[in-house]
Amino acid sequence: MSGPSLSALIGAALLAAGRPVTLRELSLVLGTPEDAARREVEAFAARVAAGDLGFQVEAVAGGYRLVVPPGTAPHLAPLLSPPPLPALSSAALEVLAVVAYRQPVTRVEIEAMRGGSASTVVTLQERELVKVVGRSDAVGQPLLYGTTERFLLEFGLTSLEDLPPLEAGNFAHLLRS
């Protein structure tokens, strides 16, 4: 009796992990080099898309995961809970953008760049979009903030390199989509 197919292993890994699975992890599961694992994942994603199964493979946060296509998600609202969090305020989006583009950054630096309070950093931490990544060497050793993997997931980014180019002045418009 032979084991599961590579396609079955990929599908099972993406479903069971509940998080993005890296190419390296898939390579280990499949027992293949990373380039072969990438080809297998791409072929699996194409088969899933062609099958109109109600989910798709998404490359995000340095890995792959199974997601519900945007057009299908509204139909699942009765099944999904808890309800989505309210949209972030303009101030929170500005703070998040400063952190995303300038990380690691202190609260004082955020306030200086925004020209206003960085009090929404607490809300961003509660939503797991921002976290403390260390302490500055400056006097008082203030906390340094950076973005989280959840930030990448929420904004559909594979890595921080996928952030749109920074334009002078307004940060917040870059994160609205």
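Each value in this text was obtained by applying a stated rule to the coordinates, not by laboratory testing. Note that the structure is predicted; figures quoted are calculated from it, not measured. Cβ sites come from the backbone with ideal geometry, for glycine too, and all protein chains shown count toward neighbours.
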Over the Cα atoms of the range 66-161, what Rg and Dmax result, in angstrom? 15.7, 53
Would you give the gap between the C-alpha center of the range 76-128 and the C-alpha center of the range 1-27, rounded to a whole Å? 34
Of the residues Gly71, Gly156, Gly63, which exhibits the maximal mean-square fluctuation in a Gaussian network model of the chain defined by a 10 Å Cα contact cut-off? Gly71
So, counting K/R as plus one and D/E as minus one, what does the shell of residues with Cβ under 12 Å around Thr120 add up to? 0
Compute for the range 6-74: radius of gyration divided by Kirkwood radius, i.e. Rg/Rh, restricted to C-alpha atoms, rounded to two decimals. 0.96
Three-way shape label, the chain, alpha-carbon gyration tensor, a/c 1.5: prolate
